[in-house]
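Student: First, the structure itself, so that you have it in front of you.
The values are calculated or read from the model by the stated rules, or taken from the named source; none is laboratory data. A quick note: this is a predicted structure, and the numbers were derived from the prediction, not measured. Note that each Cβ is placed from the backbone with ideal geometry, even for glycine, and that neighbours are counted across all protein chains shown. Please note that ligands, DNA and RNA were not included when accessible areas were found on the heavy atoms of the full protein model with its side chains. Shrake-Rupley method; radii C 1.70, N 1.55, O 1.52, S 1.80 Å.
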Number of protein chains: 2
Amino acid sequence: MTYGQLAPPGALADGGLRIVALGGIGEIGRNMTVFEYGGRLLVVDCGVLFPEDQQPGVDLILPDFRAIEPRLDDIDAIVLTHGHEDHIGAVPFLLRHRPDLPVVGSRFTLALVAAKCREHRLTPRLVEVAEGGRVGFGEFDCEFFAVNHSIPDALAVAIRTPAGLVLHTGDIKLDQLPLDGRLTDLAGFSRLGDEGVDLFLVDSTNAEVPGFVMAEREIGPVLDNVISRAGQRVIVACFASHVHRVQQVLDVAIAHDRRVALVGRSMVRNMGIAAELGLLRVPDGLLVDLAEAMELPEHQVLFVSTGSQGEPLSALSRMARGEHRQIRIRPGDTVVLASSMIPGNETAVFGVVNGLARLGASVVHQGNAKVHVSGHASAGELLFLYNAVRPSNVMPVHGEWRHLRANAALAVATGVPAENVVLAEDGVVVDLVDGRASIVGRVEVGHVYVDGLSVGDVGESTLSDRLILGEGGFIAITVAVDSTTGRPLGPPTISGRGFSDDPKALDEVMSLVEMELSHTESEGITDTHRIAQSVRRVVGRWVADTYRRRPMIVPTVIPV
Amino acid sequence: MTYGQLAPPGALADGGLRIVALGGIGEIGRNMTVFEYGGRLLVVDCGVLFPEDQQPGVDLILPDFRAIEPRLDDIDAIVLTHGHEDHIGAVPFLLRHRPDLPVVGSRFTLALVAAKCREHRLTPRLVEVAEGGRVGFGEFDCEFFAVNHSIPDALAVAIRTPAGLVLHTGDIKLDQLPLDGRLTDLAGFSRLGDEGVDLFLVDSTNAEVPGFVMAEREIGPVLDNVISRAGQRVIVACFASHVHRVQQVLDVAIAHDRRVALVGRSMVRNMGIAAELGLLRVPDGLLVDLAEAMELPEHQVLFVSTGSQGEPLSALSRMARGEHRQIRIRPGDTVVLASSMIPGNETAVFGVVNGLARLGASVVHQGNAKVHVSGHASAGELLFLYNAVRPSNVMPVHGEWRHLRANAALAVATGVPAENVVLAEDGVVVDLVDGRASIVGRVEVGHVYVDGLSVGDVGESTLSDRLILGEGGFIAITVAVDSTTGRPLGPPTISGRGFSDDPKALDEVMSLVEMELSHTESEGITDTHRIAQSVRRVVGRWVADTYRRRPMIVPTVIPV
């Protein structure tokens, strides 16, 4: 069966549970899963996806809400598993439709959501929950379990309806010595397993990676080793939500008598929230602001910065280009990228690394030191999960197709029958009926782009034009014609942008166009659209033959 | 010292040797190093670089020949270390200037160069050399050494002039059990070390990677394991020049009674050359063409294909999209990507992997099995090289800045004084005088782009326009005005491409522009350039305020 051939699903069977992802399956990002029971809906996560090369100019990609837009009033709540952007980033866009929707999550998650909503001038209705808690939202009885991930306070959610018990891991790993002692509640999962889990939705991100993720706390000694040898300034870049990573950096800074300045708006904000909630221990006097830091001797300061993904406007990128206003990299400085590279960001990140290296900094990164561990369970950990939960049905989530297949294979290896492992993707509708999960159809799920202030007006046709323009630029030909005779009024204006540096490149086009215009005139063509088409054809062919290029040809014929 | 501040160098001291890279230092690709002695030049390698996201529409990037263009007649020869594109790809472009230039290389290298030159309708003057050979080219006495790399018949070159002995590794690794038994000639390097190497140019690509590259022959058993378990069709993608990798695939195919079809023009061509030169053993009857392969039972066929880098037009990409004319992927097929991912290609490669996985293929790649080893020496091997050669001066080549620094650190660790390690980049001029290498200045080296049939007419300003257009599209406003009064003749024509899917997005612009035109008319402005500027400003500001986007604003004012 090809997924593309699936038809829209029929009605949900009485007593059945319907599951459909509007984002996050078949891709990594914009996670959003909708559960339906008895005519009511529960949303788990509502995140954004960051664009790739093929989506130029796009700032964010949202889950596609179309499937639920006619039924917004049926939603009982939105449950958030943790505070990463790919799980909470689209919440404000959903709240625009339903500002009263209860937003359910842990303390830290909700603090990040509240901050985000403030930027959107929204005041969400927040419902705080914690591990061990059990709360009903309409038809959905939700129980929460502690989960270990690369952000504090992450939760898995078990959803009970008369259709059965569903467990959704959110993002998860099984660090057995977590920095905060908050283990993934495998015991709780086992208890659910005893009760009988009908459907298990499992994080697939690292399913292809064999073995186990190294413990977060093993990074501390590596950082200590690097920073103890640094004789000058140290800059550590990491994700702005990775509280435990920052904690380890702070601890090392303290050990080596360095003060710490936080650099980057989101770093300052998130660490403020974390400290306030008691998730980050910051001794008095440790933090200084940037101006104070610049006054300190170089071996007594450490900067914790954003920009670990090579974002061109970040402080770190500016340092790498020698353009940062305060911090100028000098030979002997040490920079640590204590972070992964999100796929697609490699070129940007290594651009920053090379810029820093060129200026003489010693750059420590994932590629040459163990300064990062993943937040997602590797294959070995996923096996532990499957063996604890012993699910009847499995649905791999949070992954591209290669991850979903690898995760499915792990489920099967632990004894889940292959026919009970549902490989879905965004929009594919899965019904859990009589204890059996199966694909029943699909709803349309597209990419919803945010570009600047607008949502949704940039679609595939605009992106396709951008890609053509980006590859080859355009050649514009403008001419005014007498609207009754089609006679050109003066010579055409020909200009190209993104086509060639050579000002004479288009000189030949002028005579080509003039010839074509006298031809259309002699044919008695006065329809400006037809004249434009002729000009486009002639110029396009000439450019292809002469240059083997495909700029956009933009003829404008003005009737006067 | 900042490299950007270096001035052009003064005259080369009598008896000195000058070295400048026109590509390949500070970047990976378009390797080209020029040696100058006694007024004469020797070029080592002349390759291309493949473009990145920031160079849209570009097909190839060439070394910048400007520094040698006034002195083309002084070049004695061009020596090629091996046949990869980043070492030979720009040869035809140099030969256009000097068709008579001797092109020196090993048998396989020259066979690839000859094939490439045929496509450019050039008949190069080829000079075949082999390991152990010593040949003079003008002032330059060249000795060649066998080198192990990911292509057969690679050479290092020792260049003797009265200024001293220089050793250039080309691309190199130290596989101690190479498939063809042709070891990197470490004994020869040691002999040179005994003689005294004044300057050692060393491949930096893997200098950041600790340890040693696994032997190529260890891939065979992995391939055997994968292919022995395959019940249906097997497709193996790898680099079209990796003869030893293909050899191992052929051997496994033979072991499992599969016939082999080669897919992709360069694969067919290169393997033909390799077989003819005795570098690839192909038993009679093993190879079949695609049509024959399609007639065979699925478990008796294996395809060796190009497309391992996710090239969108390759056979493999078309299979992944379900668009290949003959080969349709079905659940249970096996695809092996026996290749690295060239940095920057990750998204494209994983796009292909996901497409194949979605169609049900089992996809084996570098990320989940040991089906690739690098062709470049890791840090451990580089230490062996430094300890064998014991150079007086070192110049890391073939690498981005992070690789150059890592390589420099290795040289220093083996005892080379730090001040004798020259960290140059493209265009930085290094003189070897009295046994001491030092930076003496720089010449300008830019990026020379090939786009379609033209070389050099696409430069930074065109690329910058392409990036703007690719991010935001354009809005074109065209209006005819009375050239004496500046009065608009009819309403302006407003169109946008790559800006918004919403046809009404620009409706407001019309009245804005009309207002501005009546303003310029009332001010008595008739200069079309000034009118256009006013229109651009007004529209640009409106778009920025309304959409927070930055399309290119293209006003055309036609005087009638």
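Student: Identify, from the list A:353, A:364, A:371, the residue that is facing chain B (nearest Cβ under 9 Å) and within 25 Å of residue A:244 (Cβ to Cβ). Before you say what the answer is, go through the steps one by one.
Tutor: Values: A:364 fails: facing chain B (nearest Cβ under 9 Å); A:371 fails: facing chain B (nearest Cβ under 9 Å).
Unique residue meeting the criteria: A:353.
Student: Got a sec? Which of A:121, A:134 is surrounded by fewer than 17 Cβ atoms within 10 Å (Cβ to Cβ) and within 24 Å of the chain's Cα centre (by Cα)? Before the answer, list the steps.
Tutor: On the way: A:134 fails: within 24 Å of the chain's Cα centre (by Cα).
Every option except A:121 fails the conditions.
Student: Further question on the same structure: Being within 30 Å of residue A:182 (Cα to Cα), outside the structural domain of residue A:175 (by TED's automatic domain parsing) and within 27 Å of the chain's Cα centre (by Cα) is true for just one of A:252, A:282, A:263. Which residue is that?
Tutor: A:263
Student: Take the residues in region A:302-332 that are small (Gly, Ala, Ser) and out of contact with any strand residue (DSSP E or B) (no Cβ under 7 Å at 6 or more places or on another chain), then tell me which one is farthest from residue A:263 (Cα to Cα).
Tutor: Taking region A:302-332 and keeping what is small (Gly, Ala, Ser), we get A:305, A:307-308, A:310, A:314-315, A:317, A:320, A:322, A:332.
Now narrow it down to the ones that are out of contact with any strand residue (DSSP E or B) (no Cβ under 7 Å at 6 or more places or on another chain): A:310, A:314, A:317, A:320, A:322, A:332.
Working: A:310: 15, A:314: 9, A:317: 12, A:320: 15, A:322: 16, A:332: 20 Å.
Within region A:302-332, the match that is farthest from residue A:263 (Cα to Cα) is A:332.
Student: Between a residue in region B:387-414 that is facing another protein chain (nearest Cβ under 10 Å) and any residue that is of a type outside the set (A, V, I, L, M) and assigned to a helix (DSSP H, G or I), which pairs come within a Cβ distance under 6 Å, given they are 6 or more apart or on different chains?
Tutor: Here the result reads B:400/A:354; B:401/A:354; B:401/A:358; B:402/A:354, each pair linking region B:387-414 to a residue that is of a type outside the set (A, V, I, L, M) and assigned to a helix (DSSP H, G or I).
Student: For a quick check of your reading of the model, give me the residue pairs whose first member lies in region A:461-488 and is more than 8 Å from every other protein chain (Cβ to nearest Cβ), whose second is open to solvent by 10 Å² or more (accessible area, probe 1.4 Å) and assigned to a helix (DSSP H, G or I), with beta-carbon atoms closer than 7 Å and at least 6 apart or on different chains.
Tutor: Sorted first by the residue in region A:461-488, then by its partner, the pairs are A:481/A:528; A:485/A:521; A:486/A:521; A:487/A:521.
Student: If you check residue B:367 against the conditions, is it on the phi > 0 side of the Ramachandran plot and not aromatic (Phe, Trp, Tyr)?
Tutor: Details: on the phi > 0 side of the Ramachandran plot: no; not aromatic (Phe, Trp, Tyr): yes.
Taking the combined requirement at face value, the residue does not satisfy it.
Student: Can you tell me which of A:511, A:500 is among the polar types (S, T, N, Q) and closer than 16 Å to residue B:462 by Cβ? Write out each step before concluding.
Tutor: On the way: A:511 fails: closer than 16 Å to residue B:462 by Cβ.
Answer to the selection: A:500.
Student: Does any residue of region B:96-119 turn out to be under 30 Å from residue B:453 (Cβ atoms), among the acidic types (Asp, Glu) and not in a strand (DSSP E or B)? Quick ask: steps written out before the conclusion?
Tutor: Filtering region B:96-119 down to residues under 30 Å from residue B:453 (Cβ atoms) leaves B:96-105, B:108-119.
Remaining after also requiring among the acidic types (Asp, Glu): B:100, B:119.
Keeping just the survivors that are not in a strand (DSSP E or B) gives B:100, B:119.
Yes.
Student: Among the residues of region B:129-174, which ones are free of Cβ contacts under 8 Å to residues at least 60 places away in the same chain and in a loop (DSSP other than H, G, I, E, B)? Don't jump to the end; show me each part of the working.
Tutor: First, the residues of region B:129-174 that are free of Cβ contacts under 8 Å to residues at least 60 places away in the same chain: B:129-136, B:141, B:143-146, B:148, B:158, B:160, B:165.
Matches in region B:129-174: B:129, B:130, B:131, B:132, B:133.
Student: Then there's this: Can you work out which of the residues in region B:26-53 that are touching a helix residue (DSSP H, G or I) at 6+ places or on another chain (Cβ under 7 Å) and within 12 Å of another protein chain (Cβ to nearest Cβ) is nearest to residue B:402 (Cα to Cα)? Full working, then the answer.
Tutor: Step one: of region B:26-53, the residues touching a helix residue (DSSP H, G or I) at 6+ places or on another chain (Cβ under 7 Å) are B:26, B:29-31, B:39-41, B:45-49, B:52-53.
Add one more test, that the residue is within 12 Å of another protein chain (Cβ to nearest Cβ), and what stays is B:26, B:52-53.
Values: B:26: 9, B:52: 18, B:53: 20 Å.
Among those residues, the one meeting the criterion is B:26.
Student: Please state which of the following conditions residue A:418 fails to meet, knowing it meets all the rest: (1) open to solvent by 10 Å² or more (accessible area, probe 1.4 Å); (2) touching a residue at least 24 places away in the same chain (Cβ under 8 Å).
Tutor: For residue A:418, the exception is condition (2).
Student: What single numbered condition from (1) among the aromatic types (Phe, Trp, Tyr); (2) part of a strand (DSSP E or B); (3) over 25 Å from residue B:42 (Cα atoms) fails to hold for residue B:212?
Tutor: Looking at each condition in turn, residue B:212 falls short on (2).
Student: Identify the residue in region A:326-350 that is among the aliphatic types (A, V, I, L, M) and under 22 Å from residue B:404 (Cα atoms) and, among all such residues, is farthest from the other protein chains (Cβ to nearest Cβ).
Tutor: Let us first name the residues in region A:326-350 that are among the aliphatic types (A, V, I, L, M), namely A:327, A:329, A:335-338, A:341-342, A:348-349.
Narrowing the set further to residues that are under 22 Å from residue B:404 (Cα atoms) leaves A:329, A:335-338, A:341, A:348-349.
Working: A:329: 11, A:335: 11, A:336: 14, A:337: 11, A:338: 16, A:341: 9, A:348: 9, A:349: 10 Å.
Per the stated criteria, the residue is A:338.
Student: Here is a follow-up. Confirm whether residue B:64 is crowded, with 23+ Cβ neighbours inside 10 Å, closer than 21 Å to residue B:22 by Cα, among the acidic types (Asp, Glu) and modelled with pLDDT of 95 or more. If you could, list the steps in order and put the result at the bottom.
Tutor: Working: crowded, with 23+ Cβ neighbours inside 10 Å: no; closer than 21 Å to residue B:22 by Cα: yes; among the acidic types (Asp, Glu): yes; modelled with pLDDT of 95 or more: yes.
No.
Student: Tell me which residues, restricted to region B:175-193, are charged (D, E, K, R) and part of a loop (DSSP other than H, G, I, E, B).
Tutor: So the first thing to find is which residues in region B:175-193 are charged (D, E, K, R), and the list is B:175, B:180, B:182, B:185, B:191.
Selection gives B:175, B:180, B:182, B:185.
Student: Tell me yes or no: at least one residue of region B:189-199 is within 14 Å of chain A (Cβ to nearest Cβ), touching a Ser or Thr at 6+ places or on another chain (Cβ under 6 Å) and crowded, with 20+ Cβ neighbours inside 10 Å. It would help to see each step written out before you state the result.
Tutor: Step one: list which residues in region B:189-199 are within 14 Å of chain A (Cβ to nearest Cβ), which gives none.
There is no residue in region B:189-199 that is within 14 Å of chain A (Cβ to nearest Cβ), touching a Ser or Thr at 6+ places or on another chain (Cβ under 6 Å) and crowded, with 20+ Cβ neighbours inside 10 Å.
Student: Taking the conditions exactly as written (in the same structural domain as residue B:91 (by TED's automatic domain parsing), buried (at least 22 other Cβ atoms within 10 Å of the Cβ) and touching a residue at least 12 places away in the same chain (Cβ under 8 Å)), does residue B:49 satisfy them or not? Don't jump to the end; show me each part of the working.
Tutor: Numbers: in the same structural domain as residue B:91 (by TED's automatic domain parsing): yes; buried (at least 22 other Cβ atoms within 10 Å of the Cβ): yes; touching a residue at least 12 places away in the same chain (Cβ under 8 Å): yes.
When the stated conditions are applied, residue B:49 passes them.
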